[in-house]
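No lab work stands behind these numbers, since they all come straight from the coordinates. Quick caveat, the model's predicted, so the values are computed rather than measured. Cβ atoms come from the backbone with ideal geometry, glycine included; neighbour counts cover every protein chain shown.
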Amino acid sequence: MKAITVIEPGHMEMLDVKMPSITEPDQVLVRIHATGICGSDVHVAHGSNPYAVYPRVIGHEAAGEVKAVGEAVSDLAAGDGVVFEPITYCGKCYACRSGHHNVCRELKVLGCIVDGTFREYAVVKRSQLYRYDKSKMSYVQAALCEPYTIGFQANWRGDVRPGDVVLVHGAGPIGLIVADVAKSRGAVVIVSEPNENRLAMSARFGADYMVNPVKEDLDTLVMDVTGREGVNVVFEAAGIPALLEHAVKLLSPAGRLVAMTFANTPTAIDFKAVNAKELTILGTRHQMQKFPETLERLADRLDRVDQLVTHVFPAEKYEEAFAVLADKDSGAGKVILTFD
Ligand SMILES: [Zn+2]
Ligand SMILES: [Zn+2]
């Protein structure tokens, strides 16, 4: 079978490898049909993900069809549509015991520490799969479930409530998903994004106010919209650490900052302001138990899912797919690879 493998940083190949088979009773064999390219796959491919182990089949956003199940699996059957939970965890450490298994000390992420979904078949534990109704979503659409779980997780972390005014920095796929979920929770949404095409897209993802911070003054807009109180939640989904520092200024008292960036640069946050306004600063990583909720609600947002998916390539054309994603002028949102 085909498997897109990063042999070492900077060197990716489509290899012909042996089919995996079920060796444990709780395992499931899945034929993968659609898998999205995430920014983190690009990092593993380039060698800028410190956790990655090589050689590695990358990918973690995927949908496919069950082909066979181990003898202990009774609630999945051949033919079922499934999406992948990309993480496994120990269940014993402090994080796991407190419900935060997404930051388990023994966290293993598909496509990073263990082989991922850029391959025709995968064998995973039953607990890493969620069934969905194949008649309601295509494989390509279902592959967007995982990135949507990130949006649900971030909104849960930020405790977005009805009537909150929320600022989302960045209208890439994750920023747009965060905005869409915030809107669905009843928030008033401001999206700030310098790329006009992406900014225009945010209108369809629930943005009530759209700002190009290069052309307009974001601070003035925030203060006007909120009656000078400041926004209640800021999501930094643009990958610009300076925006974290700036958020402290834009937040209302009791506001929340959800830092979604994994940039290496440390930031200088003004903790005098943090304390004066009793702000909460939150990290967010992967997701915890967000798949059932996300799958249920994804079916109602397929119009938005279809807009996020700008390119679909057969897996053989992976080089072209990565090039489109890297090209800032390509208009790429989510780029999906298919194994047909
Ligand atoms: Zn991802
Ligand atoms: Zn653990």
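Worth a mention:
- Over all distinct Cα-Cα pairs of the stretch 149-283, the Kirkwood formula returns a hydrodynamic radius of 14.3 Å.
- Legend: distances between Cα atoms for K272/K334; K277/K328; K125/K328; K108/K134; K67/K317; K18/K317; pairs beyond 32 Å are K272/K334; K277/K328; K125/K328.
- Among beta bridges from DSSP that stay inside the stretch 81-212, the antiparallel ones total about 40%.
- The chain: DSSP helices with Cα axial extent of at least 15 Å and average Kyte-Doolittle hydropathy no lower than -1.0: 145-157, 173-184
- Once Rg and the Kirkwood radius are both taken over the C-alpha atoms of the chain, their ratio Rg/Rh works out to 0.98.
- Span per principal axis, largest first, for the Cα atoms of the stretch 1-72 (Å): 40, 21, 21
- Among V248, Y209, V225 - extreme Cα towards positive end, dipole of the stretch 196-254, charges at beta-carbon: Y209
- Here the stretch 224-340 yields Rg over Rh of 1.08, to two decimals, using C-alpha coordinates and the Kirkwood radius.
- Listed by chain and number, the aspartates and glutamates placed with their C-alpha closer than 19 angstrom to that of K2 are E13, D16, D41, E61, E65, D115, E120, E316, E319, E320, D340; residues fewer than eight positions away on the same chain are left out.
- Mean ellipticity per residue at 222 nm, deg cm²/dmol - from DSSP H runs of n ≥ 4 across the chain, formula -39500 (n - 2.57): -7500 deg cm²/dmol
- A cut-off of 5 Å between modelled amide H atoms, ignoring neighbours fewer than 5 places along the same chain, links V165 with V188, N232, V233.
- Whether the stretch 13-131 is rounded, prolate or oblate, judged on the alpha carbon gyration tensor where a/c under 1.5 counts as rounded: oblate
- Given their separation in residues at 0.36 nm each and the Cα-Cα distance between them, F271 and A78 gain 64.0 nm when the chain is fully extended.
- Bridge type composition, the chain - antiparallel percent by DSSP, nearest 5: 55
- Using the Karplus relation 6.51 cos²θ - 1.76 cosθ + 1.60 with θ = phi - 60°, the per-residue 3J(HN,Hα) values for the stretch 114-126 come to 10, 4, x, 10, 7, 7, 6, 10, 9, 10, 9, 5, 3 Hz, with x marking Gly and Pro.
- A cut-off of 5 Å between modelled amide H atoms, ignoring neighbours fewer than 5 places along the same chain, links I58 with V6, G116, F118.
- Shape class of the stretch 189-248 from the Cα gyration tensor (axes a ≥ b ≥ c, square roots of the eigenvalues): oblate, since a/c reaches 1.5 or more and a/b does not exceed b/c.
- Averaging Cα coordinates gives a centre for the stretch 29-69 and one for the stretch 200-232; these two points are 35 Å apart.
- Protection proxy ranking of 49-56, 189-196, 149-156, 19-26 - average other beta-carbon atoms within 10 Å, highest first: 149-156, 189-196, 49-56, 19-26
- For Y121, nonlocal amide neighbours, meaning residues 5 or more places apart or on other chains whose placed amide H falls under 5 Å from its own, are I32.
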